[in-house]
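Visitor: Quick one: structure below, then a few questions.
The values are calculated or read from the model by the stated rules, or taken from the named source; none is laboratory data. Every value quoted in this text rests on a predicted model; they were computed, and no experiment measured them. Heads up, the Cβs are rebuilt from the backbone with ideal geometry, glycines too, and the neighbour counts pull from every protein chain shown. We work out accessible area using only protein heavy atoms, side chains counted, and drop any ligands, DNA or RNA first. Shrake-Rupley method; radii C 1.70, N 1.55, O 1.52, S 1.80 Å.
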Amino acid sequence: MKKLLFLPLLFIATMSFAQDAEEIIGKPIKIGNLLVAEYDFTEVMDCVDAIDACRSLGKGWRLPNKTELNILYKNSKKIGGFKDNNYWSSTFYGAYSAWAQNFGNGSQPYNHKNYYSFYVRAVKSL
């Protein structure tokens, strides 16, 4: 009986996750050798959660590295939808920090990856 109840719950969880992924990915924008999700994640998050959230979108989706994030910044008008604030990269700076990209002024600060919450945009390599 428990197995019968589990299957519908699993199906519902899978369907809601797929819908969330589609809402983030939207119609990806091609920039060089990257596909860029059309939308940010709806919530800001720390770097570790950002890495996990991007992976949860499906095969190949990930948090961009520092160089890729700068490419996104340089193409931000073409891509659209960025906030004038910091976005996480997957490039770590030492054991406790990671680089970010500020889409307001173009700077690339590093911040403690567990203490700060920033915006997140996923990419996928072609």
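Visitor: For the subset of region 115-126 comprising residues that are among the aromatic types (Phe, Trp, Tyr) and in contact with a Phe, Trp or Tyr (Cβ under 7 Å, 6 or more places away or on another chain), which member is surrounded by the fewest Cβ atoms within 10 Å (Cβ to Cβ)?
Guide: The qualifying residue surrounded by the fewest Cβ atoms within 10 Å (Cβ to Cβ) is 119.
Visitor: Report yes if some residue within region 67-83 is within 12 Å of the chain's Cα centre (by Cα) and more than 16 Å from residue 102 (Cα to Cα); otherwise report no.
Guide: no
Visitor: Continuing with the same structure: Hey, does region 25-39 have a residue that's modelled with pLDDT under 95, open to solvent by less than 80 Å² (accessible area, probe 1.4 Å) and of a type outside the set (D, E, K, R)?
Guide: No, because not a single residue in region 25-39 is modelled with pLDDT under 95, open to solvent by less than 80 Å² (accessible area, probe 1.4 Å) and of a type outside the set (D, E, K, R).
Visitor: How many of the residues making up region 56-112 are within 19 Å of residue 33 (Cβ to Cβ) and either touching a Ser or Thr at 6+ places or on another chain (Cβ under 9 Å) or in contact (Cβ under 8 Å) with a residue 24 or more places away in the chain (or both)?
Guide: Looking only at that region, the number is 24.
Visitor: Here's something else I'd like to know. Inside region 1-21, can you point out the residues that are modelled with pLDDT of 50 or more and within 29 Å of residue 114 (Cβ to Cβ)?
Guide: Residues satisfying the conditions are 20, 21.
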